[in-house]
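The values are calculated or read from the model by the stated rules, or taken from the named source; none is laboratory data. None of the values given here were measured: they were computed from a predicted structure. Cβ atoms come from the backbone with ideal geometry, glycine included; neighbour counts cover every protein chain shown. The area values use the complete protein model at the heavy-atom level, side chains included, leaving out ligands, DNA and RNA. Shrake-Rupley method; radii C 1.70, N 1.55, O 1.52, S 1.80 Å.
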Amino acid sequence: MLSLRDLSLEELLVLHRTELHEAFPAEELKPYAAMAHLCRRGVYHPIGAFEGAALVGYAILWSSPDERYVLIDYLGVTKDRRNGGLGGTILRLLAERYADRDGILVESEAPEGGATDALRHRRLGFYQRNGFTFLD
C-alpha cells in the first residue's frame, strides 16, 4: 500500500543527489541549498511516497502565501519503479491530502522545438491523463 509522508532535509538531500539529478535536466533542477532554505521558511514541502519503508516516488510542492493552493514543483517515481502507474497514484494521494485547498497546480515546460521536447510532451500528457487542465 502506498503512503505519503513528509521528508526531512536529510532525506531531501539524498533525493536531490540521486533521483532528482537523474530524472530532471540540470537546467530544471534547483540547488539543494535553495530547496532547504525554502523548506525552513515553511513554503516548500518535500513528500515521499513509500511502500513500506521503501521510497518509490516523491513530490515537492510550494504552498501559496494564502495556503489556498499548492504547486507541484517536482513529481517523480524512482527509476526502478517508473511506468507502472505510481505517478497517477501519487497525484491521487496528493489530491486527498490537499482536499481542503482550492486546487493543486502544476507548472510544466512547453515544448519549444529542442532536445527536451519529447520529455516535455510526455509530462504534459501525463498530467492531462490524470485530470489536470491547461490554463492560458
Subset of region 22-53, residues open to solvent by less than 40 Å² (accessible area, probe 1.4 Å), free of Cβ contacts under 8 Å to residues at least 60 places away in the same chain and within 21 Å of GLY87 (Cβ to Cβ), comes to ALA23, PHE24, LEU29, MET35, TYR44, PRO46, ILE47, GLY48, ALA49, PHE50
Need pairs with beta-carbon distance below 8 Å; first residue under 16 Å from LEU94 (Cβ atoms) and within region 1-19, second in a loop (DSSP other than H, G, I, E, B) and open to solvent by 70 Å² or more (accessible area, probe 1.4 Å); sequence gap 6+ or separate chains.
none
So, in region 3-19, of the ones that are modelled with pLDDT of 95 or more and open to solvent by less than 40 Å² (accessible area, probe 1.4 Å), which residue ends up nearest to VAL56 (Cα to Cα)?
LEU15
